[in-house]
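Here's the structure we're looking at; comments come further down.
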Amino acid sequence: MKEKAIIFRYRKGNSILHRIPALIKLFVLIALAINIMFLPLYAVCAGIILLVIPALLCGFSVREQFTDIKPALFYAFFLYLISVFTRLFSTGFTVVSSGDLMKILHPNYEYGLYVLRLVLVMQLSALLFRTTTSIEIKEAICGVEIFIRTALRTLPFAKNISLAAKFGTSAALMINFIPALFELWEKLNRAYRARGGAGGLKQFRVLLVALIALSFHYAEKKSRALMARELV
């Protein structure tokens, strides 16, 4: 039985992206994500197409790549529904002609560009999480903080500063919580379907409540583990 693709799940491999240090990938992702928000349409479309190639070279199937951008597509659909409702509300929910209806239902250029930019950012994020373990991400962020703290200790007024990377640990937990959240959702979805639960809106409502509860439980366990090790 083929394993179901889970969003942002790490895949063991020996590709070039797997071998690049996590810190470099993090800095590149942040820099590119900021610049993507200012790219024109043609550059965004070219980026989306080009990023498929390194993903395939890393061994990620087209199905896995599509799975990684699903959250962006769901979010885009949600924004579209809100925009349609807003336009209907502005007209008093009165549509005079089919032309008016088309204006209400037709998404504008800015919306389409924003969605494509979001898809491109999701593709980049997927390359990071699928080629980098949570431990590598944590060590990279904590390494930066320890380097900064060590440099600060050379100053006369900061000789007693701690070298514990507490901020880096918290930041790494926050970043690594993203793929963990998607994995929790997939586990809940499998359990729900195995019990013959009804689909549609009811499934989303039930799973969302369970996801929130499990997320708090997961965060609490992580917090207790870190406190026991005096890392926070």
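Values quoted throughout were computed directly from the atomic coordinates according to the rules given, and no laboratory measurement underlies them. Quick caveat, the model's predicted, so the values are computed rather than measured. A quick note on method: Cβ atoms are made from the backbone with ideal geometry, for glycine too, and the neighbour counts reach across all protein chains shown.
Observations on the model:
- This model, with +1 at the C-beta of Lys and Arg and -1 at the C-beta of Asp and Glu, gives the chain a dipole about its Cα centre of some 700 debye.
- A Cα-only calculation for the stretch 1-132 places Rg and Dmax at 18.4, 60 Å.
- Shape class for the stretch 161-232, computed from the alpha carbon gyration tensor (a ≥ b ≥ c): prolate, with a/c not under 1.5 and a/b above b/c.
- Among the listed values [x] 41; [y] 37; [z] 22, the one computed from these coordinates for percent of Cα pairs over 32 Å apart is [y].
- Under the convention that each Lys and Arg Cβ holds +1 and each Asp and Glu Cβ holds -1, the size of the dipole of the stretch 1-132 around its Cα centre is about 540 debye.
- Spin-label model, Phe78 to Thr154: label points 7 Å out along the Cα-to-beta-carbon direction sit 4.7 nm apart.
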